[in-house]
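A.B. asks: So that we are looking at the same thing, I have put the structure below in structure tokens.
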Amino acid sequence: MKILLVAEYRDGNLLEGYRELLGFSSKINAETVMFLAGSADSLPDFGGTLYLADAAIYGEFNPAIHKGLLTEVVAKEQPDIVAFSHSSYGWDLAPRLACALKVPQISEVVDFKDSLPVVPVCNAKMRRTVKPTGSRYVLTLQAGAFPALEESGSTPEVVQIDGDYKTDITFSGYEEAEKGGVDLSKAEVIVSAGRGIGKPENVEIVSKLADKLGGEYGASRPVVDAEWVEHNRQVGTTGQTVSPKLYVACGISGAIQHLAGMKKSEFVVAINTDKDAPIGEVADVLVVADLQQFVPALVEKL
Amino acid sequence: MKILVCIKQVPDMESKFTIDGTWYNTSDLAWRMNEYDEYSVEQAVQVKEQVGDSDLTVLCIGPDRVKETMKKALAMGCDRGVHIVDDKAAQRDPWEIASMIAKFAGDKEFDLIFCGMQSQDRASAQVGIYVAEMLCIPSVSTIVDFQYDDANVTVKRELEGGVKALISTGTPALFTCQLGLNTPRYPTLPNIMKAKKKELLSLQADDFLEVTAAQETTEMFFPEKKGGGLVLEGDPAELADRLIQIIKEKTTVMG
């Protein structure tokens, strides 16, 4: 079994996600090669062959060109699997490559069962095992699903890769995340509001509880998208990553993007009317209750 | 200008799911428009309103019940609906679904195509990009901002940690929409009434499906509960006392 891993590079830096890709290839015991559109100044901790496309020429984000370069690596190496992170770079590029190679793509793999990938269904409420047709396929790995390979201090054998491919978009740079406001990463207690709070007026119930516990209040994405809470309080993949001593999730179902931002919390309390909500998987205590009744009762007693 | 928006009907994610064979049981579920697609429909309608002289088609593949979801899109402002009738749509893989859409769109010369970045049930995030690749047009995924100006499109693409990539392209092009791109409108009663008179064309899946599935689901199951987590139920006041006790015992935040 041979696997081609696709590492990522952004704003002049190699991203750490490749360590989880390496963890995956080591778990399935595959012969491993890697591709990176990046720079020789920022190489991954990996002892095998690295196909390096110079980002100064081919861009940091340029799916049509990166796809073309990857097809050349695939032609040379003939891997059984091409693995990406299920990230903004990976979920964009993976289907383009799958389409060019005319092979299946399996998205957001969380496990491997009898040599077949397992993926989530319906907000992680269920899972399914997927069998691709043919002998080669592309997959993306859910962040955090496979432990990162430990540091080895290795240096790859670099093979420069070039090709003449045309782009059909113009990438003109990055817009930084909104700064200022609240640094949730330093809070010892965070009480977060999810869609289950029902209406914007209920943000106050949540912020009161945060006050009583001497912490800050946060929110999950739907609450921020609805503009009930400002973006700088969002916890999750596209917001802040937090690790407080106590995390109280109020009406948060537990989408993976949210869990990724808070699962390192020391103690997690979830308040939810749905006993089966995925947040239950990371909660130390799940209080099955209507938060409009329960949270005020709790605040009263604190 | 011709605009296409592709939508999917999905189960309400709060539903109590049961498994039937290698898929979830589809009877007794509440169905709604895929959340990501609400943002695509809204964006398509906004462009249509901005440009004026344009024609906006909403496309949906699925059994008869998807017409209800299509009516919502028509009430939000789409001009016409195309329903590809397919009772097996839920279990078709992204490759098959994208091929059907590309076959439909192939000779229609749409200037802009909008899709959700993923569906809530399968979450593959593949269909939109496949459609663009099959039609050989540019595509940008996961957009959170969209500006159209005389056949030039400038978008912001959402990356991790709240960073955005700034990207521009010409038309025709396809975009997959992320949550928060805009504020999807609620259909008003007069628009719901008007939508009933809009064209809703039914086509047969067999005329569009020219490929076979690239993957199959061999098993569906509920994830194992990790256990350890304590579940508390009962009277709110008693629950509050018990929770306070637990927080005092297990954490240092109330010390």
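The values are calculated or read from the model by the stated rules, or taken from the named source; none is laboratory data. Every value quoted in this text rests on a predicted model; they were computed, and no experiment measured them. Cβ coordinates were reconstructed from backbone atoms using ideal geometry, including for glycine residues, and neighbour counts include every protein chain displayed. What goes into the accessible areas is simple: the full protein's heavy atoms, side chains included, and nothing from ligands, DNA or RNA. Shrake-Rupley method; radii C 1.70, N 1.55, O 1.52, S 1.80 Å.
A.B. asks: From A:GLY261, A:GLY251, A:GLY215, which residue is in contact with a helix residue (DSSP H, G or I) (Cβ under 7 Å, 6 or more places away or on another chain), surrounded by 21 or more Cβ atoms within 10 Å (Cβ to Cβ), outside the structural domain of A:ARG127 (by TED's automatic domain parsing) and without any contact (Cβ under 8 Å) to a residue 60 or more places away in the chain? Before the answer, list the steps.
C.D. replies: On the way: A:GLY261 fails: in contact with a helix residue (DSSP H, G or I) (Cβ under 7 Å, 6 or more places away or on another chain); A:GLY215 fails: in contact with a helix residue (DSSP H, G or I) (Cβ under 7 Å, 6 or more places away or on another chain).
None of the other options fit; the residue is A:GLY251.
A.B. asks: Still on this model: When the residues of segment A:157-171 are filtered to those that are acidic (Asp, Glu) and in a loop (DSSP other than H, G, I, E, B), which remaining residue is nearest to the other protein chains (Cβ to nearest Cβ)?
C.D. replies: Of all residues in segment A:157-171, those acidic (Asp, Glu) come to A:157, A:162, A:164, A:168.
Keeping just the survivors that are in a loop (DSSP other than H, G, I, E, B) gives A:162, A:164, A:168.
Numbers: A:ASP162: 23, A:ASP164: 18, A:ASP168: 4 Å.
Taking the candidates together, the pick is A:ASP168.
A.B. asks: Now for a different question. Condition test on A:THR238, is it open to solvent by 10 Å² or more (accessible area, probe 1.4 Å) and at the interface with chain B (Cβ under 8 Å from one of its Cβ atoms)?
C.D. replies: Details: open to solvent by 10 Å² or more (accessible area, probe 1.4 Å): yes; at the interface with chain B (Cβ under 8 Å from one of its Cβ atoms): yes.
In short, yes.
A.B. asks: Further question: With the condition being out of contact with any Asp or Glu (no Cβ under 9 Å at 6 or more places or on another chain) and within 12 Å of chain B (Cβ to nearest Cβ), I'd like the strands (runs of 3 or more DSSP E) fully within segment A:14-118 carrying at least 2 qualifying residues. Outline the logic, then answer.
C.D. replies: On the way: elements: A:31-38, A:49-54, A:81-85, A:105-109, A:111-113.
It comes to A:105-109.
A.B. asks: From the set of residues in segment A:122-172 that are farther than 28 Å from A:GLU16 by Cβ and among the hydrophobic types (A, V, I, L, M, F, W, C), which is surrounded by the most Cβ atoms within 10 Å (Cβ to Cβ)?
C.D. replies: Only one residue tops the list, namely A:CYS122.
A.B. asks: Just checking, does segment B:30-50 include any residue being within 14 Å of another protein chain (Cβ to nearest Cβ), more than 25 Å from B:LEU112 (Cα to Cα) and not in a helix (DSSP H, G or I)?
C.D. replies: yes
A.B. asks: Name the residues in segment A:194-225 that are under 22 Å from the mean Cα position of the chain (by Cα) and either within 10 Å of chain B (Cβ to nearest Cβ) or of a type in the set (Val, Ile, Thr) (or both), would you? Full working, then the answer.
C.D. replies: Keep residues of segment A:194-225 that are under 22 Å from the mean Cα position of the chain (by Cα), which gives A:194-195, A:218-225.
Result: A:ARG195, A:ARG221, A:PRO222, A:VAL223, A:VAL224, A:ASP225.
One line per residue, one yes/no per condition, for (1) modelled with pLDDT of 95 or more; (2) outside the structural domain of A:PRO132 (by TED's automatic domain parsing); (3) buried (at least 24 other Cβ atoms within 10 Å of the Cβ); (4) closer than 29 Å to A:LYS113 by Cβ:
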site: A:LEU14; (1), (2), (3), (4): yes, no, no, no
site: A:GLU20; (1), (2), (3), (4): yes, no, no, yes
site: A:GLU31; (1), (2), (3), (4): yes, no, no, yes
site: A:LEU36; (1), (2), (3), (4): yes, no, yes, no
site: A:SER39; (1), (2), (3), (4): yes, no, no, no
site: A:ASP54; (1), (2), (3), (4): yes, no, no, no
site: A:HIS66; (1), (2), (3), (4): yes, no, yes, no
site: A:VAL74; (1), (2), (3), (4): yes, no, no, yes
site: A:ASP80; (1), (2), (3), (4): yes, no, no, yes
